[in-house]
């Protein structure tokens, strides 16, 4: 067992944005979370990371059998939970190399050289952090920093957003490598484009209006969603008729 979420409801500024979320992500599995913009996908990842602007109304979060519901983000990071943000902030005057060196000293990632090569990080190391990076460069650099934590659970927020085909293929390859090394991965996507690059997906969860509307295998879920969209697709998956 890696991650178990039981009946999680979350509020932002007293507005409930996630309702009764229950998920189980076993070790070494890749789970995709898809849904329309504003459905709560990024908020779910932030909640699992314990970011302080969120308030848990009800429910529990367990990681490898330990209740982490009230743990702060740095304690979750120590347990091996990493979050690659959708839009990491640009930082002038701080080089990517400096942050990478700090992460290496802290987490002692044994695969750092391999990840750097696969993600084509070397040309980015002496540039200011995310400043002027293209979409693909930004996603690869953010993923690289997350991987330096040697995560047991990697949460990736829209790694296919705003990237070119080459970067999407590189990111997909690294995700599959993580799964091969028995890390668990939760990948959030709006478009679902990266799903075409992945050889293995264990489960797809559809998040609509802050709740899990449907969960199923990729072969069952993805063709319906790509053809009919999210809301109509969920109706069909739950037994509705086409048209």
Fill in: Of 207, 51, 145, the one that fluctuates the most in a GNM where the chain has Cα springs shorter than 10 Å
51
Item to complete: Please work out the Cα center distance from segment 89-105 to segment 170-217, rounded to the nearest Å.
Response: 28 Å
Response to the item:
segment 140-243 -> Rg/Rh from Cα coords, Kirkwood Rh, value 1.00
Practice prompt. Give the whole-number value, in cubic angstrom per residue, of the convex hull volume spanned by the C-alpha atoms of segment 203-243.
Written response: 60 Å³
Worksheet item: What order, most packed first, do the peptides 163-173, 7-17 have when packing is the mean number of other Cβ atoms within 10 Å of each residue?
Response: 163-173, 7-17
Item to complete: With N set to the residue count of the chain, report its C-alpha Rg divided by 2.2 N^0.38 Å to two decimal places.
Response: 1.00
Worksheet item: Counting DSSP beta bridges with both partners in segment 1-75, what percentage is antiparallel, nearest 5?
Response: 100 percent
Worksheet entry | Cα Rg over Rh - segment 53-130, Kirkwood | 1.05
Practice prompt. Before rounding to the nearest 500, sum -39500 (n - 2.57) across all DSSP H runs of length at least 4 in the chain and divide by the residue total; then give [θ] at 222 nm in deg cm²/dmol.
Written response: -10000 deg cm²/dmol
Worksheet item: With no solvent and one point on each alpha carbon, what is the Debye value of log10 I(q)/I(0) for segment 1-51 at q = 0.15 Å⁻¹?
Response: -0.43
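Where a number appears in this text, it was derived from the coordinates with a stated rule and is not lab data. For clarity, every value in this text was computed on a predicted model and none was experimentally measured. When we count neighbours, we look across all protein chains shown, and the Cβ atoms used for this are built from the backbone with ideal geometry, even at glycine.
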